[in-house]
Structure formats: structure tokens, C-alpha cells
Amino acid sequence: MDTKRNSLIAIFLLNFSSIAFTNQQPTNTSVLDLDGNLLQTNTKYYILPLDGGGGGDGGGLALSVRDPRDPCPPNVVQENEEGSAGLSLKFFPLYREQPQATSVSMSSDMNIAFMAATTCVQRTVWRIGVADWTTGRRYVRTGGVLGRPGRRR
């Protein structure tokens, strides 16, 4: 009987301590690169798919015109070729919210921009486009404004 009681007390203490320690740990919302380093603002990166093991995961991100009648600004797309790195891009903090931010956090608004020239006059800062007239879907497009967040609900 004492053994059962001691076992139950031990299980209770183990469960309680794991809950107590879990709740006391700070939540880390920093974004890391594949090497485990903090993702830095104003630094060139390539976004690539995580290899699913089966191949055919595609390449990096690039710009593409989805509809020739609406070529500018171009959409953000994933390259079809698995070996393609796509275009380099940078993350920029919204200066009024975090003027000194040097790393990317999941809890802060950021602008993302390709480091590439286009024939369009718009910048390569990402934004969510209006609903496509043929599919009704909204795509990630360029033409956003650096330092300005997207819509707030």
C-alpha cells in the first residue's frame, strides 16, 4: 500500500513539476535559419522548400506574371525546378514599431522584398493582391510599400 501511495505521489510531483517548469519558460518567437542562427533584418536570404524526401518539391521563390493582361506588379511564385534557388530577398522591420530590430520575430510585422529589378515601376515589396477575377483567390504580389504593414482587421 505504501509503495502505491509513494508511486502516486511521485507521479503527481513529476506531472506538477513538468507543468510548472513548462509554464515558466519564456516563449521564444525568433525565426531561425537552417543553421539555427537568428534570421537577420536587411540581410539577403533565399527561401527554399524543406526537402520532403520524395523529390519534386520545387525550387526557391521568384517573380512571375500570372495574367498577361495584368503583368504589373508580378506575383510571388515558387520555381518549378528543384535545383533553382530563386531570387534573394530581405526582411525589413516596420520602423515605427521596431526601429532597432535586427532579427526577425514571429510576433512582429515585417516587410519582405526581393532584391531584384523588374520592368514594372512598383517595388518588389510583398503584399496580398486583390481577388483574382478568374479564380477568386488572393495571391501574394509585389508592389507593397516598404515600412508600411498590410491591412489590419
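Assorted remarks:
- Here Leu87 fulfils each of the conditions (1) assigned to a strand (DSSP E or B); (2) of a type in the set (A, V, I, L, M, F, W, C); (3) touching a residue at least 24 places away in the same chain (Cβ under 8 Å) apart from (1).
- Listed by first and then second residue, the pairs with beta-carbon distance under 6 Å, at least 6 apart or on different chains, first residue in the stretch 117-141 and aromatic (Phe, Trp, Tyr), second at pLDDT 85 or above and part of a loop (DSSP other than H, G, I, E, B), are Trp126/Gly144.
- Residue selected from the stretch 41-84 under the condition among the polar types (S, T, N, Q) and buried (at least 16 other Cβ atoms within 10 Å of the Cβ), by the criterion farthest from Ala116 (Cα to Cα): Thr41
- Qualifying residues in the stretch 90-125 (those that are among the aromatic types (Phe, Trp, Tyr) and not in a loop (DSSP other than H, G, I, E, B)) - the one farthest from Val31 (Cα to Cα): Phe114
- Residue that is farthest from Val104 (Cα to Cα) [pool: residues in the stretch 30-81 that are β-branched (Val, Ile, Thr) and in a loop (DSSP other than H, G, I, E, B)]: Val65
The values are calculated or read from the model by the stated rules, or taken from the named source; none is laboratory data. A quick note: this is a predicted structure, and the numbers were derived from the prediction, not measured. Positions of Cβ are generated from backbone atoms using ideal geometry, with glycine treated the same way; all protein chains shown enter the neighbour counts.
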